[in-house]
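Worksheet: the structure to be examined is printed underneath.
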Amino acid sequence: MNRLEGKVAIITGGNSGVGAATAQKFAAEGARVVITARREAQLEEVAAKIREAGGEVLPIVSDISKPEDAKRVVAETMAKYGKVDVLINNAGVLDNGLKAIDSVSDDDINRVIDINTKGTICMTREVAIEMAKTGYGSIVNVASVAGVMGCGGAAYVASKAAVIGLTRHTALRFAGTNVRCNAICPGTIVTPMVAGMNPANMDMNIFGQMMKHNDLKVQPCMPEDVANMLLFFASDESRAITGQTLVTDFGSTL
């Protein structure tokens, strides 16, 4: 308990799945959490649970694919708490049906890259500016095993591989300071986003290849599994770690 006592943590995509589980865990560990997402009703539900458990939370409705919204989230956090100690870049979307490079649509490319990549870049930029002033902070990006292994739709794979590159860049920029950046790469996670995939839309060209190179019998991650890893990277227990990418998939891609 109290592993994040006194820290202020921004969690994007904090309205469900990994984001909600992480927000509740961080609050239980003493952090003041700022949760942001596009869906206000879901965001308020998570905030209510945190408050009921005795935690402190600031919900902010935003679309992080818009640079002005990323600026506003950080500005409101600074106005309320005066600092940002932790950023969890968790917000993300899947592409439509794991479409391979020879069938991916322009709409999917734009939507997935805007949220997964541009949104992460914008949030990281705004938070890094504030962390540089205090000389302290931990940025943790939720990428994906897809960004390491290529096992997913083309737009999604590209978006998460870019996040891994951004992680190393950010760590390099602040190496030798107390501002650090790491990424975790979960395998399949049991969340509403994954559950909403339509099997009828699946691109079997890529899905068939994934079945050859992944052990689909290995158990998937639960949101709490990912939240536990995020807690470690957010806490001072991992203060010597920066620029690292950790796959958390129960070994399904070994």
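The values are calculated or read from the model by the stated rules, or taken from the named source; none is laboratory data. Because the structure is a prediction, the values reported are computed rather than measured. Cβ placement follows ideal geometry from the backbone for every residue including glycine, while neighbour counts extend to all protein chains displayed.
Here are the numbers:
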quantity	calculated
Residue identified as more than 28 Å from Ala175 (Cβ to Cβ), under 17 Å from the mean Cα position of the chain (by Cα) and hydrophobic (A, V, I, L, M, F, W, C) among Leu43, Leu87, Leu58, Leu98	Leu43
Qualifying residue in the range 98-109 (condition: under 21 Å from Thr167 (Cβ atoms) and either free of Cβ contacts under 8 Å to residues at least 60 places away in the same chain or surrounded by fewer than 23 Cβ atoms within 10 Å (Cβ to Cβ) (or both))	no
Every residue from the range 89-140 that is of a type in the set (Ser, Thr, Tyr) and either more than 15 Å from Thr36 (Cβ to Cβ) or part of a loop (DSSP other than H, G, I, E, B) (or both)	Ser103, Ser105, Thr117, Thr134, Tyr136, Ser138
Close pairs (6 angstrom Cβ cut-off, 6 or more residues apart or separate chains): touching a residue at least 24 places away in the same chain (Cβ under 8 Å) and on the phi < 0 side of the Ramachandran plot in the range 153-167, in a helix (DSSP H, G or I) and surrounded by fewer than 24 Cβ atoms within 10 Å (Cβ to Cβ) anywhere	Ala155/Asp108; Ala155/Ile109; Ser159/Ile113; Ser159/Thr117; Ala162/Thr117
Members of the range 26-72 that are closer than 17 Å to Cys122 by Cα and of a type outside the set (A, V, I, L, M)	Thr36, Arg38, Ser62, Asp63, Ser65, Lys66, Pro67, Glu68, Asp69, Lys71, Arg72
Selected residue (only one of Ala48, Ala75, Ala79, Ala23 is crowded, with 17+ Cβ neighbours inside 10 Å and either modelled with pLDDT under 95 or not in a loop (DSSP other than H, G, I, E, B) (or both))	Ala23
Odd one out for Val218 among (1) among the aliphatic types (A, V, I, L, M); (2) surrounded by fewer than 16 Cβ atoms within 10 Å (Cβ to Cβ); (3) at pLDDT 55 or above; (4) under 25 Å from Gly13 (Cα atoms)	(4)
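Residues checked against (1) more than 21 Å from Ile115 (Cβ to Cβ); (2) modelled with pLDDT of 95 or more; (3) not aliphatic (A, V, I, L, M):
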position: Ile129; (1), (2), (3): yes, yes, no
position: Val145; (1), (2), (3): no, no, no
position: Cys151; (1), (2), (3): no, no, yes
position: Ala161; (1), (2), (3): no, yes, no
position: Phe174; (1), (2), (3): yes, yes, yes
